[in-house]
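Enquirer: Would you mind keeping the following structure in view while I ask a few things?
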Amino acid sequence: MSAPQLRSSSVVSLRSMKALTFGLTLVRHGETQYNKEGLLQGQAIDSPLSETGLQQAEAAGRYLKDVKFTDVFVSDMLRARQTAEKIMKHNSSCSALQMACDPLLKEKSFGIAEGGRVQDLRDMAKAAGQSFPGFTPPEGETQEQVKERVKEFMEKMLQQVGAKHWHNRGEDKSPSCVPPEASPVEGKADDGLRGVLVHALVVTHGAYMCVAVRYFVEELRCSVPLGSDRAHMFSLSPNTGLCRFILTVRKEDDRFKLSGIRCVFVHRGDHVQQ
């Protein structure tokens, strides 16, 4: 399946074109015992949340309790589903929603390294003369393969959200493909969402989110907050860390096309600190 394509304003006339703007909040699952012990889970180990992880998921749910969601997409792995359940339990807007479990949101496969120490994988990468984030252990997924899953999920989500919520679109007379700036980021749970009627919650995994954020920034030309540090943006999100993006979608030939994406914040963990 093809990746969502940003359309240049020099190619497509945007005058009086309808557009749908929606929020996308990515959440990493809560802590598991494997996370606590510095062990790799990947796909083969479907571990539950630890007691701390359950508390983190509860905290994320309380933090997001007044934020309206219209769609929920979740990795089909247990740790992600448990996290989503806790978040949805606290949120009245989720009472009528059903989580859509999707294997495209699974964690990266670490092949033969799964179940072993993260440090051992670092050592394997060093021995191979490669950097740790980009290293693929035998039988594991490459970064490119994970990115293809990200692309496929994004395309699938765009079509589903577009078809479901196209009636919530507005008139966009701006010649720019980038979504208009929303309210300033104030460290609040609804940052970037004021006036945005459509909002998808996506609960997934750390390595997967690293690949997704890099893809958004480097290939989809996502605009980032002023002063953003790329090393931080492309780093591992903490357990139940939040990343939020605002997307603009247009309809062309009965297909929904991504025409703009803006990052509001990445790796927020206020709820855990509190």
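Enquirer: Could you tell me whether Ala59 is part of a helix (DSSP H, G or I) and surrounded by 22 or more Cβ atoms within 10 Å (Cβ to Cβ)?
Expert: no
To keep it simple, each residue is scored yes or no on (1) over 23 Å from Gly134 (Cα atoms); (2) surrounded by fewer than 17 Cβ atoms within 10 Å (Cβ to Cβ); (3) in contact with a strand residue (DSSP E or B) (Cβ under 7 Å, 6 or more places away or on another chain).
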{"site": "Leu197", "(1), (2), (3)": "yes, yes, no"}
{"site": "Tyr208", "(1), (2), (3)": "no, no, no"}
{"site": "Cys222", "(1), (2), (3)": "no, no, yes"}
{"site": "Phe245", "(1), (2), (3)": "yes, no, yes"}
{"site": "Leu258", "(1), (2), (3)": "yes, no, yes"}
{"site": "Ile261", "(1), (2), (3)": "yes, no, yes"}
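Enquirer: Looking at Lys89, Lys126, which one is surrounded by fewer than 16 Cβ atoms within 10 Å (Cβ to Cβ), at pLDDT below 95 and either assigned to a helix (DSSP H, G or I) or touching a Leu at 6+ places or on another chain (Cβ under 8 Å) (or both)?
Expert: Lys126
Enquirer: Anything in region 207-221 that is of a type outside the set (D, E, K, R) and under 13 Å from the mean Cα position of the chain (by Cα)? List them, or say none.
Expert: Ala207, Tyr208, Met209, Cys210, Val211, Ala212, Val213, Tyr215, Phe216, Val217
Enquirer: Hey, another quick one. Which one is surrounded by the most Cβ atoms within 10 Å (Cβ to Cβ) among residues in region 98-112 that are outside any helix (DSSP H, G or I) and touching a Gly at 6+ places or on another chain (Cβ under 8 Å)?
Expert: Glu107
Enquirer: Sort out which residues of region 76-101 are out of contact with any Ser or Thr (no Cβ under 7 Å at 6 or more places or on another chain) and not hydrophobic (A, V, I, L, M, F, W, C), and write them in order of number.
Expert: Once the filter is applied, which keeps residues that are out of contact with any Ser or Thr (no Cβ under 7 Å at 6 or more places or on another chain) and not hydrophobic (A, V, I, L, M, F, W, C), region 76-101 yields Asp76, Arg81, Gln82, Glu85, Lys86, Lys89, His90, Asn91, Ser92, Ser93, Ser95, Gln98.
Enquirer: Let me ask another. Out of the residues in region 105-130 that are in contact (Cβ under 8 Å) with a residue 40 or more places away in the chain, in contact with a Phe, Trp or Tyr (Cβ under 9 Å, 6 or more places away or on another chain) and of a type outside the set (A, V, I, L, M, F, W, C), which is nearest to Glu141 (Cα to Cα)?
Expert: So, considering only residues that are in contact (Cβ under 8 Å) with a residue 40 or more places away in the chain, in contact with a Phe, Trp or Tyr (Cβ under 9 Å, 6 or more places away or on another chain) and of a type outside the set (A, V, I, L, M, F, W, C), the one nearest to Glu141 (Cα to Cα) is Lys108.
Enquirer: May I ask you to verify whether Phe73 is touching a Ser or Thr at 6+ places or on another chain (Cβ under 6 Å) and aromatic (Phe, Trp, Tyr)?
Expert: So Phe73 fails the test.
Enquirer: Moving on to the next point. If you take the residues of region 129-151 that are part of a loop (DSSP other than H, G, I, E, B) and out of contact with any helix residue (DSSP H, G or I) (no Cβ under 8 Å at 6 or more places or on another chain), which of them is farthest from Pro48 (Cα to Cα)?
Expert: My answer is Gly129.
Enquirer: Go through (1) surrounded by 18 or more Cβ atoms within 10 Å (Cβ to Cβ); (2) modelled with pLDDT of 90 or more; (3) of a type outside the set (Ser, Thr, Tyr); (4) in a loop (DSSP other than H, G, I, E, B) for Met154 and report which single condition fails.
Expert: If we test Met154 against (1) surrounded by 18 or more Cβ atoms within 10 Å (Cβ to Cβ); (2) modelled with pLDDT of 90 or more; (3) of a type outside the set (Ser, Thr, Tyr); (4) in a loop (DSSP other than H, G, I, E, B), just (4) comes out false.
Enquirer: With more than 20 Å from Val198 (Cα to Cα) and among the charged types (D, E, K, R) as the only criterion, which of Arg244, Arg262, Arg250, Arg230 stands out?
Expert: Matching residue, one of Arg244, Arg262, Arg250, Arg230: Arg230.
Enquirer: Another question about this same structure. When region 62-86 is examined, which residues are found to be surrounded by fewer than 16 Cβ atoms within 10 Å (Cβ to Cβ) and part of a loop (DSSP other than H, G, I, E, B)?
Expert: If the condition is that a residue be surrounded by fewer than 16 Cβ atoms within 10 Å (Cβ to Cβ) and part of a loop (DSSP other than H, G, I, E, B), then Lys65, Asp66, Asp76 are the ones that fit.
Enquirer: Among the listed residues Ser259, Ser235, identify the single one that is part of a loop (DSSP other than H, G, I, E, B) and out of contact with any Asp or Glu (no Cβ under 8 Å at 6 or more places or on another chain).
Expert: When all the criteria are applied, what remains is Ser235.
Enquirer: What single numbered condition from (1) modelled with pLDDT of 95 or more; (2) of a type outside the set (Lys, Arg); (3) crowded, with 19+ Cβ neighbours inside 10 Å; (4) not in a strand (DSSP E or B) fails to hold for Cys177?
Expert: (1)
Enquirer: Just wondering, is there one or more residues in region 230-244 that are free of Cβ contacts under 8 Å to residues at least 40 places away in the same chain and closer than 16 Å to Tyr63 by Cα?
Expert: The answer is no; no qualifying residue exists.
The values are calculated or read from the model by the stated rules, or taken from the named source; none is laboratory data. On a predicted model such as this, the values are computed, not experimentally measured, just so you know. Using ideal geometry, Cβ is built from the backbone for each residue, glycine included, and neighbour counts are taken over all protein chains shown.
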